[in-house]
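J.: Before anything else, here's the structure in question.
The values are calculated or read from the model by the stated rules, or taken from the named source; none is laboratory data. Everything numeric in this text was worked out from a predicted model, so none of it was measured. Just the protein is used for accessible areas: all its heavy atoms, side chains included, with ligands, DNA and RNA removed. Shrake-Rupley method; radii C 1.70, N 1.55, O 1.52, S 1.80 Å.
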Amino acid sequence: MHALNKNRPLRRIVLASAATVSGMVLLLALKPHTAPTLASASTRSPAASSSPAHGSGSASGTATATGDTVQTRWGPVQVRVTVRDGRLTDVTAVSYPQDNPRDQEINSYALPQLRREALAAQSAEIDTVSGATYTSDGYRQSLQSALDSAGL
């Protein structure tokens with residue numbers, strides 16, 4: 001005889017209720033997709049200031065600027081640039097998603113590639129790294145902010 005036959009309606013009710021509750025729990029556990037947004041000026045920390053700070057050799061024309069912190073789906077991204085004699089000489093990721101092993105794995109290959117591209121292009125017009133779309137977009141926005149602050 002089948003377990004869900006008509007002689008045991010209570011068993012069918014219990015199983016249907018359990019399936020409904022399980023489905024609702026799964027639906028409520030889903031996280032909504034949020035678009036990346038730029039952090040507002042009031043939420044930035046003093047370290048996120050985008051005013052250029054000149055290096056020790058003012059005759060060499062060296063300036064360092066930190067870009068805005070850009071909130072991405074997976075966490076904040078912030079970039080610092082060094083400009084010497086009107087040329088981009090260094091790009092450093094100050095903050096980036098690194099909360100879990102997957103973030104660390106993605107950013108271990110994406111950030112060096114983004115840095116190389118920025119130095120080669122001498123601008124924020126760089127390609128997105130496959131598999132690191134959100135980080136690439138945040139990196140590009142923060143880089144443009146830092147370049148604007150440095151006067152490039």
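J.: Can you give me the solvent accessible area of Leu152 with a 1.4 Å probe, rounded to the nearest 10 Å²?
T.: Ignoring ligands and nucleic acids, Leu152 comes out at about 80 Å².
J.: Using the heavy atoms of the protein chains and a 1.4 angstrom probe, tell me the accessible area per residue for region 63-152 in square angstrom. Walk me through the intermediate numbers first.
T.: Numbers: 4310 Å² over 90 residues.
Spelled out: the 1.4 Å probe surface of region 63-152, per residue, equals 48 Å².
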